1. In the stretch 83-119, what count of residues is obtained for those that are aliphatic (A, V, I, L, M), within 22 Å of Ser198 (Cβ to Cβ) and either crowded, with 17+ Cβ neighbours inside 10 Å or more than 20 Å from the chain's Cα centre (by Cα) (or both)?
2. Mind checking whether some residue in the stretch 230-239 is modelled with pLDDT under 95, crowded, with 20+ Cβ neighbours inside 10 Å and in contact with a helix residue (DSSP H, G or I) (Cβ under 6 Å, 6 or more places away or on another chain)?
3. Can you pull out every residue in the stretch 147-163 that is touching a helix residue (DSSP H, G or I) at 6+ places or on another chain (Cβ under 7 Å) and either surrounded by fewer than 18 Cβ atoms within 10 Å (Cβ to Cβ) or not aromatic (Phe, Trp, Tyr) (or both)?
4. Would you confirm whether any residue within the stretch 145-165 is of a type in the set (Val, Ile, Thr) and under 16 Å from Glu205 (Cα atoms)?
5. Just to confirm my filter: which strands (runs of 3 or more DSSP E) fall fully inside the stretch 87-162 and include at least 2 residues that are touching an Asp or Glu at 6+ places or on another chain (Cβ under 6 Å) and in contact (Cβ under 8 Å) with a residue 12 or more places away in the chain?
6. Is it the case, given these coordinates, that Asp161 is closer than 22 Å to Gly221 by Cα and at pLDDT 95 or above?
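The values are calculated or read from the model by the stated rules, or taken from the named source; none is laboratory data. Note that the structure is a prediction, hence the values are computed from the model and not measured. For neighbour counting, all protein chains shown are included, and Cβ atoms are generated from backbone atoms with ideal geometry for every residue, glycine included.
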Amino acid sequence: MLRQEKLAALGRLVSGIAHEFGNQLGGALGLLDLALLEDDLSEVHASLAPVRETLTRALTTVENLLRFARGTPLQVQPGVELGQVLQRALDLLRAQIDEAGLEVEVDQGEVPPLSLDPVQLEQVVLNLVINAIHATAGATPPKLLLSLRQAEDEVVFAAEDNGPGVPPEVRARIFEPFFTTKGALGGSETPGTGLGLSMALGVVEAHSGRLTIDVSPSLMGARFQLWLPSTNGDANRPRPDEG
């Protein structure tokens, strides 16, 4: 049964990769065909610009997939303040947050400094906030609650939104690579390749932590919780694929 489950997951992964690249390369080919029919060089140039954009997006997908497969070694630093990591992520996304009209509330309790990779943890936070921006697009007004707290021997970062939430059957697969409800794979125009949460989970687990999803008790949308050990001195241990 375990082997069948692994084969089924591999089949979904391959199908997802094929679907993603089929859409991207098929679109590029169609644009190239249109460019070949043009006699006006300015029109040819206008047709080639979106081809470049499509191929760049495909290359980014390849890079993300390779990074997911290899894993990126942690660059652990002692004494990292998670609150500062959170604030940097919000600063980077300020334009998107303002454009979406997203109301962001930060509830930061007292948590100890940790030994971790601040750059990779920042990428995890960025991914969760971007997901919330997309999920709350239909809410009036869209809201996001970000919190930091100590829970016994763990530090917990939570991202809660007032979007439609994630059904249980989707939650069971949401961390699978190339599983997404967004983008070409999810049948929507919202950007998404299905690698973001998979990569986020890998980063969190490399820090000896956990990444979970359930329902926000206050906003009734999705709640992602990132659990990190308060004393995570083994965060720089090699991943299994790094020996």
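1. 5
2. No, the stretch 230-239 has no match at all.
3. Those that are touching a helix residue (DSSP H, G or I) at 6+ places or on another chain (Cβ under 7 Å) and either surrounded by fewer than 18 Cβ atoms within 10 Å (Cβ to Cβ) or not aromatic (Phe, Trp, Tyr) (or both): Leu148, Val155, Ala159, Asp161, Gly163.
4. Within the stretch 145-165, one or more residues are of a type in the set (Val, Ile, Thr) and under 16 Å from Glu205 (Cα atoms).
5. Passing ranges, in order: 143-151.
6. Yes; evaluated as a whole, the condition is true for this residue.
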